[in-house]
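I have placed the structure first, in the form of structure tokens, so that the comments after it can refer back to it.
The values are calculated or read from the model by the stated rules, or taken from the named source; none is laboratory data. If you're wondering where the values come from, they're calculated on a predicted model, not measured in any experiment. Cβ: placed from backbone, ideal geometry, glycine included. Neighbour counts: every protein chain shown. For the accessible areas, the whole protein counts, side chains as well, though only heavy atoms, and no ligand, DNA or RNA atoms are used. Shrake-Rupley method; radii C 1.70, N 1.55, O 1.52, S 1.80 Å.
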Amino acid sequence: MTNPLQESRKEHVLVCAHRGTGGASIIQNTRLAFNNALLHGADIVELDIVRSKDGIFYGLHDGVEKYIFGKEVDIRELNSDEIDYLVVTNEFDKPLEGHVERVDVILDYLAGKDCFINLDRSWFYWDTFLDYLKKRPDTSCCILKAPAKAEILEVLNAAKFEIAFMPIVKTQEEYRLVEQYANINTVAVELIFKTLDAETVNPDFMDELHQKGLLLWANTLTLNKVSKLCGDCDDHRAVSGDLDGSFGKLLEMGFDIIQTDWPYLLSSYIKNEKNKGESL
């Protein structure tokens with residue numbers, strides 16, 4: 001099976017922007033947020049998937065509705081005609097002209113861009129979302145992401161859909177489970193680790209994955225004060241000024257893709273490190 005990310009990785013470590021790059025009056029998971037991320041040096045944008053009550057897919061991470069709309073609402077319990085007219089608010093709780101966007105609109109827009117699209121949180125809707133994707137004219141730039149759980153993997157395996165896939169792996173055993181499914185086109189693995197001595201970042205295991213042609217993905221998001229997706233090598237450490245202890249450590253460990261909320265900071269660091277290496 002093909003790995004569309006491999007050719008791009010030859011140039012440099014790839015940068016993924018979490019929900020695009022939003023802020024102020026740029027709403028996450030919208031075309032503006034994704035274009036902003038690309039302007040900040042992202043190679044991959046993450047698009048969260050949610051389904052309306054009447055089966056229409058939108059770019060939104062459910063659970064953030066109060067932040068996006070300024071009021072408590074569950075987008076999954078609304079029909080598309082209601083969602084299309086919901087007023088969105090900016091970070092200052094002021095109403096904006098735009099709305100949350102349908103996945104069709106976003107994918108059509110990104111089809112003309114030089115980037116990959118990481119489709120996150122779609123596994124909740126694979127009973128209809130996989131068929132939806134199969135009808136798209138081109139999914140070569142798309143990467144499905146999902147936890148490495150048997151009940152999830154079995155659905156994708158049964159679909160016999162050669163779309164790029166990346167499991168979220170918290171143990172080596174979870175990766176071994178993924179290997180059992182012959183119809184899944186695994187191209188990368190997101191390794192979750194709380195400490196640098198975790199089994200998922202054991203050098204021998206990481207080398208094994210590389211030998212199998214898989215790219216390794218680290219997630220530097222600082223979700224809250226207790227969740228750790230990549231130990232202490234997170235965005236807060238980078239933004240505090242310790243770029244070497246965050247991004248630099250992940251590069252040293254051999255990661256091929258890094259997801260961040262701050263793509264310009266990361267892309268600039270990668271470029272500078274590459275220039276240093278070439279000047280030696």
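Loop-located GluC sites (Glu not before Pro) in the range 26-112 (DSSP state other than H, G, I, E, B) with a sparse environment of at most 12 neighbouring Cβ atoms within 10 Å: Glu72, Glu91, Glu97. Relative to its Kirkwood radius, the Cα radius of gyration of the range 224-280 gives an Rg/Rh of 0.98. The convex hull drawn around the Cα atoms of the range 102-148, when projected onto a plane and averaged over every direction, covers 3.5 nm². Full extension of the chain between Glu173 and His12 yields a length gain of 55.0 nm, computed as 0.36 nm times the residue separation minus the alpha carbon distance.
Computed over all pairs of different Cα atoms, the Kirkwood value for the hydrodynamic radius of the chain is 19.4 Å.
When Rg and Dmax are taken over the Cα atoms of the range 31-182, they come to 16.4, 50 Å. The phi-based Karplus calculation (6.51 cos²θ - 1.76 cosθ + 1.60; θ = phi - 60°) puts the 3J(HN,Hα) values of the range 264-271 at 5, 4, 6, 4, 5, 5, 4, 5 Hz, whole numbers, x for Gly and Pro.
For the range 148-280, the dipole from Cβ point charges (+1 on Lys and Arg, -1 on Asp and Glu) about the Cα centre works out to 260 debye, to the nearest 20.
Each other residue within a Cβ distance under 14 Å of Gly213 adds +1 if Lys or Arg and -1 if Asp or Glu, for a net charge of -2. With a 1.4 Å probe rolled over the protein heavy atoms of all chains, the accessible area of Thr195, Thr222 falls in the order Thr195, Thr222, largest first.
Over all other residues within a Cβ to Cβ distance under 12 Å of Phe247, the charged ones net out to -3, with Lys and Arg as +1 and Asp and Glu as -1. Each DSSP beta bridge with both residues in the range 43-143 is either parallel or antiparallel, and the antiparallel ones are about 40%. Counting lysine pairs in the range 1-119 that sit 8 or more residues apart in sequence, or on different chains, and whose Cα atoms lie under 30 Å apart gives 6.
Here the 3J(HN,Hα) profile of the range 27-39, calculated from phi with Karplus coefficients 6.51, -1.76 and 1.60 at θ = phi - 60°, is 8, 4, 6, 10, 4, 5, 5, 6, 5, 4, 4, 5, 5 Hz, Gly and Pro shown as x.
These residues, Lys271, Lys160, Lys113, Lys71, go from largest to smallest accessible area, 1.4 Å probe, as Lys160, Lys271, Lys71, Lys113. Pairs spanning more than 25 Å between alpha-carbon atoms, out of Lys145/Lys228; Lys145/Lys212; Lys149/Lys249; Lys160/Lys212: Lys149/Lys249. Extension gain, Lys194-Asp62: 0.36 nm per intervening residue step, less the Cα-Cα distance, totals 45.0 nm. For Thr222, the amide hydrogen comes within under 5 Å of the amide hydrogens of Asp235, His236, counting only partners 5 or more places away or on other chains and with H modelled in the peptide plane.
On the beta carbon distance between Lys71 and Asp104, with R0 = 22 Å, the FRET formula returns roughly 0.30.
Fully extending the segment from Glu151 to Arg136 would add 2.9 nm, taking 0.36 nm per residue of separation and subtracting the current Cα-Cα distance. Once amide H atoms are built 1.01 Å from N in the peptide plane, which residues 5 or more positions from Arg19, or in another chain, come under 5 Å H to H? Amide H neighbours of Arg19, under 5 Å, 5+ apart: Glu46.
Once you list every other residue whose beta carbon is under 12 Å from the beta carbon of Pro137, what net charge do they have if Lys and Arg are +1 and Asp and Glu are -1? Computed value for this residue: 0.
Amide H contacts of Glu101: Gly59, each under 5 Å away and 5 or more positions distant or on a separate chain (H built 1.01 Å from N in the peptide plane; Pro and chain starts excluded). For the range 7-90, pairs of C-alpha atoms spaced more than 17 angstrom apart make up 51 percent of the total. With a Förster radius of 25 Å applied to the C-beta separation of Tyr125 and Leu223, the computed FRET efficiency comes to 0.65. Report the far tail of the P(r) of the range 44-129, meaning the percent of Cα-Cα pairs longer than 16 Å. Counting pairs separated by more than 16 Å, the tail of P(r) holds 54 percent.
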